[in-house]
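This report concerns only the one structure given below.
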Amino acid sequence: MMNRAIIDVDGVLVDMHTKMLDIYNHENGTSMVKTDIIQWDLSPELMAIFRRKGFFINLPLMPNAKDFLYALRELCPVTIATSASNIPNIARDKLEWAHTYIPEFASDFCITERKNIFDATILLDDYERHVLNFNGSLPLLMDQPWNVTAKVLPDFRVDTLADALYKINRYIKTGLRV
Ligand SMILES: [Mg+2]
């Protein structure tokens, strides 16, 4: 099979949690930080912020995210896949985000709840369920406070985009997964 990489957005290319917590803290006089979010499911209060129209439009890319995508595209075809949680305004906001922040990749940007429908060998995601259900050879989990307890072997965890690129490059060049 030809290699193809599926790359997640939230928690991988984009830090949505910091903005979500900034809004929450500002509105509630609290001081929550990202490491306070230790489970995948968000509280109803945080979900309400996530659902707000326009929330996703101005989320900045993670440092080096664009360099990562360019370097990755030199190695194999790349599809960027992100969920809109079945909420139409999130789907619209995410498409607008893609056309603003990564226009070079907008035609490879896909809104879907399903990360295993692609003919792909590589996945990079911060959601353990997607990583554990992936059909391809190299499912990588991006370390985040909400996936610390995930049952994913350390060899399939990465803590930076550079680390992910290293493991993907090694797999493509040598076939070695660990
Ligand atoms: Mg994610």
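Readers should treat all values here as calculations from the given coordinates under stated rules, not as data from a laboratory. Every value quoted in this text rests on a predicted model; they were computed, and no experiment measured them. Cβ coordinates were reconstructed from backbone atoms using ideal geometry, including for glycine residues, and neighbour counts include every protein chain displayed.
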Along each of the three principal axes of the Cα atoms of the range 60-178, give the extent in whole Å, ordering the values from largest to smallest. 39, 31, 28
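Considering Cα pairs under 8 angstrom that are at least six residues apart, work out the relative contact order of the range 1-144 and quote it in whole percent.
Working: 202 pairs, mean separation 47.6, N = 144.
Result for the range 1-144 is 33 percent.
Distances over 25 Å make up what percent of all Cα-Cα pairs in the range 1-112? Each step should come with its number before you reach the end.
Values: 1606 of 6216 pairs.
The proportion of pairs with Cα distances above 25 Å equals 26 percent.
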Structure-based [θ]222 nm, the chain - -39500 (n - 2.57) summed over DSSP H runs of at least 4, per residue, nearest 500: -11000 deg cm²/dmol
What is the angle, in °, between the Cα long axis of helix 16-28 and the longest principal axis of the Cα atoms in the chain? Nearest 10 is fine, range 0 to 90. 10
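How charged is the neighbourhood of Met32? Take every other residue with its Cβ under 13 Å from the Cβ of Met32, and add Lys/Arg as +1 and Asp/Glu as -1. Walk me through the intermediate numbers first.
On the way: positive: Lys19, Lys34; negative: Asp22, Glu27, Asp36, Glu45.
After counting each charged neighbour, the total is -2.
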Once you have a ≥ b ≥ c as the square roots of the Cα gyration tensor eigenvalues for the range 127-178, tell me rounded if a/c is under 1.5, and otherwise prolate or oblate according to whether a/b is larger than b/c. oblate
Taking R0 as 35 Å, what FRET efficiency do you get between Ser137 and Ala48 from their Cβ-Cβ distance, rounded to the nearest 0.05? 0.35
On Cα atoms only, tilt of 88-101 relative to the major axis of the chain in degrees: 60
Could you check the spin-label model distance between Lys66 and Ser31? Points 7 Å from the Cα along Cα→Cβ, value in nm. 3.5
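Pick out, in residue order, every one of the trypsin sites (Lys or Arg not before Pro) in the range 23-78 that is DSSP loop and has at most 14 other C-beta atoms within 10 Å; say none if there are none. List each step's numbers first, then the result.
Values: sites: Lys34, Arg51, Arg52, Lys53, Lys66, Arg73; in loops: Arg51, Arg52, Lys53.
Of the trypsin sites (Lys or Arg not before Pro), the ones in loops of the range 23-78 whose Cβ has at most 14 other Cβ atoms within 10 Å are Arg51, Arg52, Lys53.
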Formal net charge of residues neighbouring Thr121 (Cβ-Cβ distance under 12 Å; K, R +1; D, E -1): +1
Student exercise: in the chain, how many lysine pairs 8 or more apart or on different chains have Cα atoms under 30 Å apart? 29
Dipole magnitude of the range 76-117, debye to nearest 20 (Cβ charges: Lys/Arg +1, Asp/Glu -1, about Cα centre): 160
